[in-house]
1. Using a 1.4 angstrom probe with every protein chain in place, what is the largest-first accessible-area order of A:Lys227, B:Lys140?
2. Fully extended, how many nm does the chain gain between A:Asp389 and A:Arg298 (0.36 nm per residue separation, minus their Cα-Cα distance)?
3. What is the interface area between chains B and A, defined as buried accessible area summed over both chains with a 1.4 Å probe, reported in Å² to the nearest 100?
4. Working with all protein chains in place, sort A:Trp154, B:Trp66, A:Trp161, A:Trp264 by solvent-accessible area computed with a 1.4 Å probe, largest first.
5. Top to bottom by accessible area (1.4 Å), largest first, where do B:Ile31, A:Ile272 land?
6. Leaving out ligands, DNA and RNA but keeping every protein chain, what accessible area does B:Ile168 have, in Å² rounded to the nearest 10, with a 1.4 Å probe?
7. Report in % the part of the accessible area of region B:61-261 that belongs to carbon and sulfur, leaving out ligands and nucleic acids; probe 1.4 Å.
8. Taking the Cα centre of each part, how many Å lie between region B:218-237 and region B:103-144?
Amino acid sequence: MIMNCTFPTVTFPAIPNFTTSTISACPKTLHVTSLKNPIPFLKPPNKINPTKLKLKISFRTRASVSDSNGGTGNWVKWIPTGAFSISADKVFRLISGATASPIYQFVSSPTTFLHSVDPRIKLVWLLALVVLPARSHIAMRFGLVIFLSFLSIWILPRHVWMDQLGRVSLLSGILFIMLGLGADGVTPLVQLRTPPPAMMGLPKLPASLGGYSYLIMKLGPLQFTRKGLSVASIAACLTFTVFQSASLCLTTTTPEQLAFALRWFMLPLTYIGVPVAEIVLTLMLSLRFITLVFDEVRNVALGIVSRRINWQHLTMMETIDIFVIYFRRIFKNIFIHADQISQAMIVRGFRGDSKTHKIYFLSDSSFGMADIVSLLCLVGVTGAALLSDYFLV
Amino acid sequence: MNHATLFRASAALFPPPHSTSSTRTNVTDNIAIDGRNVNFSITTRQGKVVPILRDCSLRIPSGQFWMLLGPNGCGKSTLLKILAGVLSPTNGTVYVKRPKSFVFQNPDHQVVMPTVEADVAFGLGKFNLTCGEVRSRVSKALDAVGMSDYLQRSVQTLSGGQKQRVAIAGALAEACKVLLLDELTTFLDENDQIGVIKAVRNSLDSSEEVTALWVTHRLEELEYADGAVYMENGEVVMQGDAASILDFIRVRQSAYIKQINS
């Protein structure tokens, strides 16, 4: 307000170049009289003292700043913080540099023991590893976790297991701590309605003779109780076994083998009219298509990054607009891809009936030594888990 | 997709075996691809009709390796898609011997299964084969394109050129009478280009009946061909044996260079 009011009062608006340059360069030694032909109206009155001039200069410069930015019209520019626009850039860079196969990656060599196990047995193992941690003794749960870790270290190449185990342990570690302290840890804010035993005139509950204590550990205001331990160990171990067994299975089994195993288990369902052939074909196609989708997401992000957009100059709405364009482009490309794949399938002899179009599973499905060993281990682990509930109490 | 026109065309060109009245019998015996006055146009959203192919006629004898040449955007791929039956012509008739197979320019459009082995075997699904037969065909086809070490690799880990070869192996495994190949060498380096051409040439030489039509714009590939078709602006300008087409294009090139320099 002040700036706008004072701007017209500046004494020499006619030749702004002259005033600004000379004044800002040497405001104190301003000698207008030194000019060859001083124009009369430019002649400053003698009473101007430097301080007053300085004041005016400062007004002038301030006014010019607000002028050059178009006044109040572009206030939107100042609203988004720099962090927002930089983070948009970061998001696209992150997407464009992401891995091509975030879900699974079949490692074909070195061929290990697990590669030669029949995929059907692997699927049964996966099911067992989901059910067992929830239904067995705590020692058994941790045993399964250790077993899986050792198996991964033994089977997988070093950089693969380091990566996998690191991520999964971090996730289940966080879960363990959060649930262990959170399940029963914080004393309820609202007091129980029953009065404490001392007020009722009853004696306190005696401490357990066998050293049993509901409370295991106390960390400041938080407490780690037996309930917390139970919940936390189930959740953390289940998370660990589910993720690790799945990634172990996927790194040692080709998608076709898995589809083959699924088809084998689903074959009885054909009698009740389930389109098993169609489901398996769809599964195979989608396994290929998922990677195309990831490629597309990455490529379009790379396209945006390579345009070298100056994110700092964009307003928030413009940034959001670019994201919307990004998502629209991805969907458009994906649909084009789907269209072309369907064309390719027709050209390659698919006539829309998955029953008449055979899918060959070329993997060797003979029952070998590895399968027997694996099955025996499965029976052993399941038996131990069931028994652990009875004997370890 | 208009298969009906194709079937009609092939029915007309396949008279009963003992008929002597038709003079075409002898012709179709050794013609694998026959397109007559093929027109193709698309209608834009504004309702404008844009012609893409104008009166294209071509004949390719059976058992030969032909190339389809021309500058970018002259309608080579469209013509090939019409021959493959992916598009149907607005006018004209097309006859292509069956079984035929078509390989797309971009391998990502062609490879539909998650691993190499399964993809090559996908095209065999329409035949009733035993697992052993399928396995031998797949390994033979992959051998022909030099990818036999990649049987179990997942497709996403392959490079563009390797994917291209998997796509070609898929076409070779079907053991088709006619191969329609759309600019296969786009993604390949010089070594692989020659390798793929030789693989196609070998499969042609190994059996009498296989015919291939190869779309390209690399002139050096012409030396492997028996004949060529040259297109420009949606029209077939010339067709003949490889040497005469090569001369024709060289003359045009030098005329063009002269025109620029003058």
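The values are calculated or read from the model by the stated rules, or taken from the named source; none is laboratory data. Bear in mind the structure is a predicted one, so any value in this text is a computation, not a measurement. Don't worry about glycine lacking a Cβ; one is built from the backbone with ideal geometry, like all the others, and counts go over all protein chains shown. Please note that ligands, DNA and RNA were not included when accessible areas were found on the heavy atoms of the full protein model with its side chains. Shrake-Rupley method; radii C 1.70, N 1.55, O 1.52, S 1.80 Å.
1. B:Lys140, A:Lys227
2. Full extension from A:Asp389 to A:Arg298 adds 27.9 nm.
3. 3300
4. Working: A:Trp154 165, B:Trp66 25, A:Trp161 50, A:Trp264 125 Å².
These residues rank, largest area first, as A:Trp154, A:Trp264, A:Trp161, B:Trp66.
5. From most accessible down to least: A:Ile272, B:Ile31.
6. 0
7. On the way: 3700 of 7980 Å².
The nonpolar share, carbon plus sulfur, comes to 46 percent.
8. 29
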